[in-house]
Amino acid sequence: MASQIVFSFDCIVDSFFLIGGILLAYLQLTALSKSQPNVVAFLKSIPRLCLHRHIRLTPSYAFMLLIYITLLWFVWDGPYWPVPNPIRTMDNVCVSNWYFNLLYINNFSKASSLCAGWSWYLSNDMQFFMMAPFFIYALHRIPKIGLAICSTMVLASTLLSIVVSHKQQYPFAIGGFPKYSFKPNFQPVLPFYTVPWVRYQPYGIGLLVGFAIWNLRNMSFKFPKKYNILLWCIATCLCVSVIYGPYSAVMGHHVISLAENDLYHSMGRLAWTVGVSCVIISCSLGQGGWINGFLSWKVFVPLGKLSYCVYLIHLPIINVLVYGSRNGTYYSTLMFTRDVVAMMFITYLIAVPFSLIFEVPFINLNKLLNRTKPAENKQVKDEHNNGENCNANQNHSEKERLLTKKNLK
């Protein structure tokens, strides 16, 4: 039963897409409500928004790729260590395809030609980020149209998941001992696991949830206690069913039909996202109880700031620890837990200097670019004050003229 959580690792990725959509929608809606830009001003802001996103993500990503492709192979050796073919590198594909990663289009590549396989997430996230401002602006200006667009995109992603899964017969059970009534295709003609039209579901729901939280917090809304309990019950049922629902199929006790396979591919991701959304909505309104208190614990703040670098370097570190092993590994739940805790500790430990060297300088650069120049601020302030003084003088002169006219009469 414990291993079923590991086999459901895909759900964690969907959680990150969901959180990304929520944060972007909430922050953008807050900014739009303050500035109230027209369509032209909004369109002019898009290139600047994308530039800041690139500055935030790309430098540390590029340095990670450089180290991964050129230096990591020389760190260790062992019987499981990759054999150079023909170049001494951890990933031969990256030698010719690395620029796809920096262009954020490597998620369209087949699994066999994917450089730094875990980086497909960043490409999807960047592609969603570049589309999302238009949907958020629609939610702000004409909420009904914005809701219709976002809902249509989520529905389209759901239907495409069914169609692509059915045509390519891509199995949902990657681990365990599943049995299928059809012949599973682990190497489909077109990529399934990494493409944006399949992965958009949680991000699109995140935009809708961010819009809902923004409205509810502006209204100072609170759920009645019974409805809040119902929300948590829905979240628990959905998340537990997604993880443990396919247990018998994964263990080989139930033969998976193609219809069941397609349904899980499309609705499993949707159910998990809705369940996590219920938890986020309740906690954001201050009704999460001790769970909200735990998730808001200050210890998570510095760990959260390291999360991007941890994501970038976690798999190279796992590769070194696994491929550098001198002995065979006999897995049990206890041994697996020990390895996971050890790898997390080492990854966070290495993420600190990596972040300080390759991430923090560019974060500060991004802040400097976002900051309005003091001279410009002073000029705007002086112009505003001069305008107010001029209006006050005009009003004073008008009052004196009226009084003089009245006295003459």
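General remarks:
- Residue check for residue 61: part of a loop (DSSP other than H, G, I, E, B), in contact with a Ser or Thr (Cβ under 8 Å, 6 or more places away or on another chain) and on the phi < 0 side of the Ramachandran plot: no
Conditions tested, residue by residue: (1) under 23 Å from residue 311 (Cα atoms); (2) of a type in the set (Lys, Arg).
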site	(1), (2)
30	no, no
53	yes, yes
56	yes, yes
59	yes, no
62	yes, no
97	yes, no
114	yes, no
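- Against the list (1) more than 27 Å from residue 322 (Cβ to Cβ); (2) in a helix (DSSP H, G or I); (3) of a type outside the set (Phe, Trp, Tyr), the condition residue 72 fails is (1).
- Of the criteria (1) under 21 Å from residue 270 (Cα atoms); (2) among the small types (Gly, Ala, Ser); (3) crowded, with 16+ Cβ neighbours inside 10 Å, which one residue 151 fails: (3)
- Remark: pairs (first residue in the stretch 146-164, without any contact (Cβ under 8 Å) to a residue 24 or more places away in the chain; second residue assigned to a helix (DSSP H, G or I) and among the small types (Gly, Ala, Ser); Cβ separation under 8 Å; 6+ apart in sequence or on different chains) = 149/138.
- Among the residues of the stretch 66-87, those identified as closer than 19 Å to residue 313 by Cα and of a type outside the set (Phe, Trp, Tyr) are 66, 67, 69, 70, 71, 72, 75, 77, 82.
- Conditions (1) outside any helix (DSSP H, G or I); (2) free of Cβ contacts under 8 Å to residues at least 24 places away in the same chain; (3) open to solvent by 50 Å² or more (accessible area, probe 1.4 Å); (4) not hydrophobic (A, V, I, L, M, F, W, C); number of the one not met by residue 34: (1)
- Taken as a whole, the condition of being at pLDDT below 90, touching a Leu at 6+ places or on another chain (Cβ under 9 Å) and either outside any loop (DSSP other than H, G, I, E, B) or crowded, with 16+ Cβ neighbours inside 10 Å (or both) applies to residue 164.
- Checking each residue in the stretch 77-117 for being of a type in the set (S, T, N, Q), more than 28 Å from residue 328 (Cβ to Cβ) and in a loop (DSSP other than H, G, I, E, B) picks out only 109.
- Tally of residues being open to solvent by less than 40 Å² (accessible area, probe 1.4 Å) and either more than 14 Å from the chain's Cα centre (by Cα) or free of Cβ contacts under 8 Å to residues at least 24 places away in the same chain (or both) across the stretch 195-207: 2
- Any hit, the stretch 221-240, residues being within 25 Å of residue 146 (Cα to Cα), surrounded by fewer than 15 Cβ atoms within 10 Å (Cβ to Cβ) and modelled with pLDDT under 95: yes
- The number of residues in the stretch 65-108 that are open to solvent by 30 Å² or more (accessible area, probe 1.4 Å) and among the acidic types (Asp, Glu) comes to 1.
- Restricting 293, 275, 286 to those that are open to solvent by 40 Å² or more (accessible area, probe 1.4 Å) and either among the charged types (D, E, K, R) or closer than 18 Å to residue 22 by Cα (or both) reduces the list to 286.
- Of all residues in the stretch 2-15, those satisfying the criterion of being of a type outside the set (Gly, Ala, Ser), in contact with a helix residue (DSSP H, G or I) (Cβ under 7 Å, 6 or more places away or on another chain) and open to solvent by 20 Å² or more (accessible area, probe 1.4 Å) are 5, 7, 13.
- Among the conditions (1) surrounded by 13 or more Cβ atoms within 10 Å (Cβ to Cβ); (2) within 25 Å of residue 269 (Cβ to Cβ), the only one that residue 23 does not satisfy is (1).
The values are calculated or read from the model by the stated rules, or taken from the named source; none is laboratory data. Please read all numbers here as calculations on a predicted model, not as lab measurements. No Cβ is skipped: glycine too gets one built from the backbone with ideal geometry, and neighbour counts run over all protein chains shown. Ligands, DNA and RNA are stripped out before the accessible areas are found, and what is left, the full protein with its side chains, is counted by its heavy atoms. Shrake-Rupley method; radii C 1.70, N 1.55, O 1.52, S 1.80 Å.
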